[in-house]
1. Please go through the stretch 116-142 and pick out each residue that is over 22 Å from residue 24 (Cα atoms) and out of contact with any strand residue (DSSP E or B) (no Cβ under 9 Å at 6 or more places or on another chain).
2. What residue, among those in the stretch 79-115 that are out of contact with any strand residue (DSSP E or B) (no Cβ under 6 Å at 6 or more places or on another chain) and in contact (Cβ under 8 Å) with a residue 60 or more places away in the chain, is surrounded by the most Cβ atoms within 10 Å (Cβ to Cβ)?
3. Since residue 48 meets every condition but one in (1) in contact (Cβ under 8 Å) with a residue 40 or more places away in the chain; (2) farther than 26 Å from residue 156 by Cα; (3) touching a strand residue (DSSP E or B) at 6+ places or on another chain (Cβ under 7 Å); (4) surrounded by 18 or more Cβ atoms within 10 Å (Cβ to Cβ), which condition does it not meet?
4. Taking the stretch 128-164 on its own, how many of its residues are touching a residue at least 24 places away in the same chain (Cβ under 8 Å), farther than 15 Å from residue 115 by Cα and part of a helix (DSSP H, G or I)?
5. Given the conditions (1) without any contact (Cβ under 8 Å) to a residue 40 or more places away in the chain; (2) closer than 18 Å to residue 127 by Cβ, report the number of the one that residue 76 does not fulfil.
6. Quick check, is residue 93 on the phi < 0 side of the Ramachandran plot and at pLDDT 95 or above?
7. For the list (1) in contact with a helix residue (DSSP H, G or I) (Cβ under 9 Å, 6 or more places away or on another chain); (2) at pLDDT below 95, I need the number of the one condition that residue 48 fails.
């Protein structure tokens, strides 16, 4: 797939992966879906699910580090600012240094171009928070989140899953 195809797929994910409601119970269930998969597949990730005013779910799995928590925080800031998935932002900006252009005024200590942050979009309310995963290559971080939301919403993950990476 081309970058344009990937961006179109991610926009479709953002459009279709919408929650009817999202509360502490939903965050816990989505977080547990991700954690269960990560433990089974031995993924060294952290999971950070939060609304804009407070954290709702956090888990650090074996092999993850404090750096992963910081990356998740920075990914969350990007989702909050732009209401887009961070992997989409990576593809749209196309910057290998993982920073936003200087003219945007976004401090690299608080904002990063790295996949794995996905907006929590609620029907009728818009983007209310973020689900962030960090510890894998960015396309995989993104895919883990998309898979979990698909499972929670009972949607066909194959129809919305990211395409396999180009070889």
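1. Listed by number, the residues that qualify are 136, 137, 138, 139.
2. Looking only at the stretch 79-115, we keep the residues that are out of contact with any strand residue (DSSP E or B) (no Cβ under 6 Å at 6 or more places or on another chain), and these are 80-82, 84, 87-115.
Applying the additional criterion that residues be in contact (Cβ under 8 Å) with a residue 60 or more places away in the chain yields 84, 87-88, 91-92, 94.
On the way: 84: 19, 87: 27, 88: 25, 91: 19, 92: 14, 94: 8.
Ranking the qualifying residues of the stretch 79-115, first place goes to 87.
3. (2)
4. 7
5. All conditions pass for residue 76, except number (1).
6. Numbers: on the phi < 0 side of the Ramachandran plot: yes; at pLDDT 95 or above: no.
It is false that residue 93 is on the phi < 0 side of the Ramachandran plot and at pLDDT 95 or above.
7. (2)
The values are calculated or read from the model by the stated rules, or taken from the named source; none is laboratory data. Quantities reported herein were computed from a predicted structural model and do not represent experimental measurements. Methodologically, a virtual Cβ is constructed for each residue, glycine included, from the backbone with ideal geometry; neighbour enumeration extends over all protein chains shown.
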